[in-house]
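Trainee: First, the structure itself, so that you have it in front of you.
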Protein chains: 2
Amino acid sequence: MRIAVDAMGGDAGPRAAVQGSAVAVQAWPGLEVDLFGPRSLLEIELESLPRHLAAAGSHLAVHHAADVIRQDQRPSDALRRGERSSMAQMLGHLAGKHAVAGVSSGNTGALMALARRELGMVADIPRPAISTAIPVRGEGLCYLLDLGANVDVGAERLVDFARMGDVMARHVDGLEAPRVALLNVGSEGTKGSASVREADAWLRELPGLRYCGFVEGDGIFAGAADVVVCDGFVGNAVLKASEGLARMLIERVQTTFEAHWSSRLVGLLARPALRRLKGELDPVRYNGASLLGLAGIVIKSHGGADATGFSYAVLRAAREVSQDLPSRLAQELGARPRRQARPGRTALNKSKGE
Amino acid sequence: MRIAVDAMGGDAGPRAAVQGSAVAVQAWPGLEVDLFGPRSLLEIELESLPRHLAAAGSHLAVHHAADVIRQDQRPSDALRRGERSSMAQMLGHLAGKHAVAGVSSGNTGALMALARRELGMVADIPRPAISTAIPVRGEGLCYLLDLGANVDVGAERLVDFARMGDVMARHVDGLEAPRVALLNVGSEGTKGSASVREADAWLRELPGLRYCGFVEGDGIFAGAADVVVCDGFVGNAVLKASEGLARMLIERVQTTFEAHWSSRLVGLLARPALRRLKGELDPVRYNGASLLGLAGIVIKSHGGADATGFSYAVLRAAREVSQDLPSRLAQELGARPRRQARPGRTALNKSKGE
């Protein structure tokens with residue numbers, strides 16, 4: 001299995017991507033990684049791989065790309081002038097079937113736009129949706145989508161998100177019948193925006209989907225569903241606020257113990273438990289967001305991810321490859337009812353003059 | 001100062017409201033509370049006040065109201081048939097100037113609709129916005145609004161929220177120039193929904209407001225602003241997800257220590273620190289959401305609040321009374337530029353055919 005990596009998207013240069021790729025190669029037998037970026041920079045990183053990763057170096061190949069897409073570059077500009085960038089070269093490699101998945105921690109909007117152009121979409125999904133798994137109560141995970149790729153969306157896109165999340169949870173995570181829910185401001189059908197209520201009516205009539213209605217924000221972390229669907233604006237706000245809150249709470253846990261535990265003995269005893277706790281809450285463990293709906297596998301890593309974090313994104317890509325996610329999406333979403341014959345046409349639609 | 005309390009909105013009957021009112025009376029010299037609900041139920045609670053609250057009983061007066069607004073009752077139904085309910089009676093008492101503020105932990109939609117009818121609005125705000133303070137990094141607080149009262153709102157309402165949040169933070173919290181921000185999916189002006197970008201252009205030109213542009217979700221808890229403004233759907237999702245996440249993380253902190261600390265000595269030593277931590281993170285401390293824009297003070301308490309939580313909501317009301325918040329809002333928002341002459345008219349408006 002060969003995965004293409006844009007090594008230049010990280011906030012702190014290519015080191016996290018190169019070392020993270022090496023970590024992933026060690027963890028996934030048979031994995032090869034093609035790294036994209038300025039040759040000289042990447043070769044320096046390869047030569048200075050830490051000793052415990054050095055053996056993985058022979059499974060990492062450098063592909064020269066002179067340019068880099070900047071974080072503040074507009075997608076339209078990336079499309080027009082990004083051809084020689086590590087991101088576009090990486091995606092071109094993927095489109096040319098030289099690799100089976102791609103990973104980047106660069107500019108999300110540019111990644112979406114370039115990936116869509118290079119790889120195309122499945123079924124009639126217009127744009128990729130971004131989804132990531134977040135830790136919820138117990139040992140569970142919940143896929144949240146969309147996370148910012150699509151704002152101001154209508155009911156039809158929410159239904160697409162629900163179906164894509166369902167396919168992913170079934171095939172990549174092996175859940176037999178994932179519980180799919182719509183995020184709303186109340187659990188009653190009379191609440192929420194027009195598009196959410198319309199999507200609710202539609203999803204209720206969709207065969208083969210274990211749709212369980214509305215959840216409110218607290219339901220996400222309570223583990224009320226395996227897939228929670230919302231507009232990209234809402235999902236992005238919820239995800240980023242959650243990251244910010246988790247960071248703040250971990251800090252407070254540490255401060256509490258440092259401030260009040262005068263005994264050095266207790267401080268020493270507490271340290272391993274605190275470390276474990278921090279590890280458990282660490283968002284890095286869940287690094288790697290899927291760009292769903294592409295006719296190919298592309299994973300977005302967090303720009304601030306370290307080598308360990310980046311390796312999770314590469315391994316996420318490997319898992320999606322092993323389950324052939326795009327084919328599953330194409331197959332299951334291609335078979336969906338046509339727009340004209342969609343179920344769930346209710347008074348809500350009619351009131352809009354349809 | 002006399003505050004009217006709907007004692008019947010709590011999830012577990014009137015006890016939290018009655019005891020919470022007694023706690024508030026003890027904390028705020030000169031405070032009197034008028035309790036609304038079925039006389040017999042409230043009298044039982046008053047007679048069984050715990051010993052340390054018994055002295056406050058003489059400052060609590062029972063006002064009989066036979067009915068209760070149900071949590072699942074529609075606002076329209078509450079307006080039509082809720083006249084004899086504890087909520088409507090409490091608001092009528094307030095409208096008749098028999099009290100200076102009202103508190104309820106009942107059905108939010110019904111409370112908004114009834115309060116709007118009974119009290120009216122200030123300036124030309126069409127509907128109340130809901131706002132609450134959330135704890136952020138350091139010792140700070142951040143007002144988030146709207147929290148669900150208004151979904152699918154346009155730029156003009158977002159600007160109203162910004163101005164109301166600014167007035168509240170200045171007068172109730174004594175901040176000289178609160179930093180006001182718009183929640184968005186990116187910090188660049190090219191990102192986000194049309195209404196958010198339009199509101200941004202407008203706020204940039206608004207005199208007297210310390211507007212600091214867009215923040216993303218993580219900026220809320222990082223303390224990037226004192227007032228963060230968003231659509232009610234987004235605010236509600238962010239707030240409830242944060243409550244859910246905080247609950248999950250506190251559980252994990254406890255589990256981590258219980259699971260790994262075999263030494264009873266350490267367990268005993270850890271207990272006070274854990275208790276303090278839980279207290280610090282306890283959302284109850286910040287209970288009490290303001291219904292902003294009403295020509296009167298109404299505070300919504302969390303339905304699940306205990307007596308301590310409810311007392312915070314009553315004390316929040318007392319603080320807003322002491323600063324005469326509705327007059328400040330009427331004065332400052334009444335002086336705003338008229339709609340026709342609003343600044344920030346950009347290409348975004350024109351593209352909508354205005």
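Trainee: Let me confirm something: among A:Ala181, A:Ala241, A:Ala162, which residue is at pLDDT 95 or above and either part of a helix (DSSP H, G or I) or surrounded by fewer than 24 Cβ atoms within 10 Å (Cβ to Cβ) (or both)? Full working, then the answer.
Mentor: Working: A:Ala181 fails: either part of a helix (DSSP H, G or I) or surrounded by fewer than 24 Cβ atoms within 10 Å (Cβ to Cβ) (or both); A:Ala241 fails: at pLDDT 95 or above.
Matching residue, one of A:Ala181, A:Ala241, A:Ala162: A:Ala162.
Trainee: Next question, about the same structure. Quick one: which residue in A:Asp218, A:Asp231 is within 25 Å of A:Leu333 (Cα to Cα) and within 12 Å of chain B (Cβ to nearest Cβ)?
Mentor: Numbers: A:Asp218 fails: within 25 Å of A:Leu333 (Cα to Cα).
Going through A:Asp218, A:Asp231 in turn, just one is within 25 Å of A:Leu333 (Cα to Cα) and within 12 Å of chain B (Cβ to nearest Cβ): A:Asp231.
Trainee: Follow-up. Is it the case that A:Ala225 is assigned to a loop (DSSP other than H, G, I, E, B) and not charged (D, E, K, R)? Break it down stepwise before answering.
Mentor: Working: assigned to a loop (DSSP other than H, G, I, E, B): yes; not charged (D, E, K, R): yes.
Answer is yes for this residue.
Trainee: Any residue at all in the stretch B:113-132 that's away from chain A (no Cβ under 14 Å), among the hydroxyl-bearing types (Ser, Thr, Tyr) and surrounded by 19 or more Cβ atoms within 10 Å (Cβ to Cβ)? It would help to see each step written out before you state the result.
Mentor: In the first step, residues of the stretch B:113-132 are kept if they are away from chain A (no Cβ under 14 Å); the result is B:114-128, B:131.
Filter once more, keeping what is among the hydroxyl-bearing types (Ser, Thr, Tyr): B:131.
Then drop every residue that is not surrounded by 19 or more Cβ atoms within 10 Å (Cβ to Cβ), which leaves B:131.
Yes: the stretch B:113-132 contains one or more residues that are away from chain A (no Cβ under 14 Å), among the hydroxyl-bearing types (Ser, Thr, Tyr) and surrounded by 19 or more Cβ atoms within 10 Å (Cβ to Cβ).
Trainee: Next up: Looking at (1) surrounded by fewer than 24 Cβ atoms within 10 Å (Cβ to Cβ); (2) in contact with a helix residue (DSSP H, G or I) (Cβ under 6 Å, 6 or more places away or on another chain), which is the only condition B:Gly102 fails?
Mentor: Failing condition for B:Gly102: (1).
Trainee: Taking A:Phe233 as the residue in question, decide whether it is under 23 Å from B:Val196 (Cα atoms) and aromatic (Phe, Trp, Tyr).
Mentor: Details: under 23 Å from B:Val196 (Cα atoms): yes; aromatic (Phe, Trp, Tyr): yes.
Against the criterion (under 23 Å from B:Val196 (Cα atoms) and aromatic (Phe, Trp, Tyr)), A:Phe233 qualifies.
Trainee: Give me the residue from the stretch A:135-152 that is within 12 Å of another protein chain (Cβ to nearest Cβ) and modelled with pLDDT of 90 or more and, out of that set, farthest from A:Gln89 (Cα to Cα). Write out each step before concluding.
Mentor: Keep residues of the stretch A:135-152 that are within 12 Å of another protein chain (Cβ to nearest Cβ), which gives A:135-140, A:142, A:144, A:146-152.
Narrowing further to those that are modelled with pLDDT of 90 or more: A:142, A:144, A:146-147.
Details: A:Cys142: 33, A:Leu144: 29, A:Asp146: 26, A:Leu147: 25 Å.
Going through the qualifying residues, I end up with A:Cys142.
Trainee: Counting only residues that are over 19 Å from B:Ala99 (Cβ atoms) and either in contact with a helix residue (DSSP H, G or I) (Cβ under 6 Å, 6 or more places away or on another chain) or among the polar types (S, T, N, Q) (or both), which one in the stretch B:28-51 is surrounded by the fewest Cβ atoms within 10 Å (Cβ to Cβ)?
Mentor: B:Ser40
Trainee: For the stretch B:153-186, name all the residues that are under 19 Å from B:Ser242 (Cβ atoms) and either within 16 Å of the chain's Cα centre (by Cα) or away from chain A (no Cβ under 14 Å) (or both). Spell out how you get there, then give the answer.
Mentor: Going residue by residue through the stretch B:153-186, those that are under 19 Å from B:Ser242 (Cβ atoms) are B:161, B:165, B:181-185.
Matches in the stretch B:153-186: B:Phe161, B:Gly165.
Trainee: Another question, if that's okay. Test of understanding: among B:Leu182, B:Leu145, B:Leu175, which residue is over 17 Å from B:Leu206 (Cα atoms) and in contact with an Asp or Glu (Cβ under 7 Å, 6 or more places away or on another chain)? Give the steps one after another, and end with the answer.
Mentor: Working: B:Leu182 fails: over 17 Å from B:Leu206 (Cα atoms); B:Leu145 fails: in contact with an Asp or Glu (Cβ under 7 Å, 6 or more places away or on another chain).
Result: B:Leu175 is the single residue among B:Leu182, B:Leu145, B:Leu175 that is over 17 Å from B:Leu206 (Cα atoms) and in contact with an Asp or Glu (Cβ under 7 Å, 6 or more places away or on another chain).
The values are calculated or read from the model by the stated rules, or taken from the named source; none is laboratory data. From a predicted model like this one, the values you see are computed outputs, not experimental measurements. In this analysis, Cβ positions are derived from the backbone assuming ideal geometry, glycine residues included, and neighbour counts consider all displayed protein chains.
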